[in-house]
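**Student:** Once you've had a glance at the structure underneath, I'll fire off some questions.
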Amino acid sequence: MKKKKDDNEDLFLSFLIKEKELNYIQQQHAQIEVKYMAKCFQDKEDNATIAKKIIWSIRDFFMFFVMKYIERKNNKKIKDLSANDKKEKILKHIQYKEIDFKTHYFLKRKFQNRTLVDDSCCVNISNFEYIVYLNIEYNGTITQKHYFKSFKNEQDAIEYFNQLLVDNKEKKLKNLLMN
């Protein structure tokens, strides 16, 4: 019994280490990607002709009105929401227990403040976002969000939540930790 508990703890701790390494790699990749995009944009701007710069200015002028239209349309959707409606809510939570582990499946609704940015201006397009993910818990320690996906449509989020349950219910917990 003691051996099995130590094996489970070792498995969980190695999973947490792997999770931290993956987050570090993703963070490094994102930083490199941003630097690369900035360099490409700067090169494009430096090599642009006067005609291209004029076309970009005209495009920015018209895009300003398109962006404001998008903002007005979005504001109509959310203008009647109270602060209580905007609070994060757990729509579904299912928990499975296997030995010392617990697997938590979540479907949450969250009001997401977002800004759409273009060369011409930035506009507020805040709206609801539906988040689906699972956590694995061992002795009170919880992993980060896995199989995380966000949706703008509640029906799509419910379908993904149900599919996540079906796909992972048959898997043993050790298989989830090893992937």
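**Student:** Taking the Cα atoms of region 103-148 alone, what are Rg (to one decimal) and Dmax (as a whole number) in Å?
**Tutor:** Over region 103-148's Cα set, Rg and Dmax evaluate to 15.9, 52 Å.
**Student:** Now for a separate question. Quick check: net charge around Lys110, other residues with Cβ under 11 Å of its Cβ, Lys/Arg +1 and Asp/Glu -1? Present the calculation step by step, with values, prior to reporting the outcome.
**Tutor:** On the way: positive: Lys86, Lys87, Lys89, Lys108, Arg109; negative: Glu88, Glu129.
Around Lys110, the surrounding residues sum to +3.
**Student:** Okay, next question. What is the Cα radius of gyration of the chain over 2.2 N^0.38 Å, N being its residue count? Provide the component values of the computation, followed by the final result.
**Tutor:** Details: Rg = 22.8 Å, N = 179, 2.2 N^0.38 = 15.8 Å.
Normalised by 2.2 N^0.38 Å, the Cα Rg of the chain equals 1.44.
**Student:** Here's something else I'd like to know. Net charge near Lys87, counting Lys/Arg +1 and Asp/Glu -1 over other residues with Cβ under 13 Å of its Cβ? Show your work: numbers first, answer last.
**Tutor:** Details: positive: Lys86, Lys89, Lys108, Arg109, Lys110; negative: Asp85, Glu88.
Within the 13 Å Cβ shell, the charges total +3.
**Student:** Where nothing but the Cβ of Lys and Arg (+1) and of Asp and Glu (-1) is charged, how large is the charge dipole of the chain around its Cα centre, in debye to the nearest 20?
**Tutor:** Values: 35 positive and 26 negative charges, 102 e Å.
Dipole of the chain, to the nearest 20 debye: 500 debye.
**Student:** On to the next question. How big is region 14-78 on each of its three principal axes, counting only the C-alpha atoms and giving the largest first in Å?
**Tutor:** Extents along the principal axes: 55, 42, 7 Å.
**Student:** Here's another thing I want to ask about it. Name the residue farthest towards the positive end of the dipole of region 61-155 from the options Tyr96, Ile78, Ile142, assuming +1 on Cβ of Lys and Arg, -1 on Cβ of Asp and Glu, about the Cα centre.
**Tutor:** Of the options given, the answer is Ile78.
**Student:** Using only protein heavy atoms and a 1.4 Å probe, report how much of His104 is accessible, in Å² to the nearest 10.
**Tutor:** Around 20 Å² of this residue is reachable by solvent.
**Student:** Hey, could you get me the Stokes-Einstein D for region 78-179, Kirkwood radius over alpha-carbon pairs, 4 °C and 1.567 mPa s, rounded to whole µm² s⁻¹?
**Tutor:** On the way: Rh = 15.4 Å.
The estimated diffusion coefficient comes to 84 µm²/s.
The values are calculated or read from the model by the stated rules, or taken from the named source; none is laboratory data. Bear in mind the structure is a predicted one, so any value in this text is a computation, not a measurement. No Cβ is skipped: glycine too gets one built from the backbone with ideal geometry, and neighbour counts run over all protein chains shown. Side chains included, ligands, DNA and RNA excluded: accessible areas come from the protein's heavy atoms. Shrake-Rupley method; radii C 1.70, N 1.55, O 1.52, S 1.80 Å.
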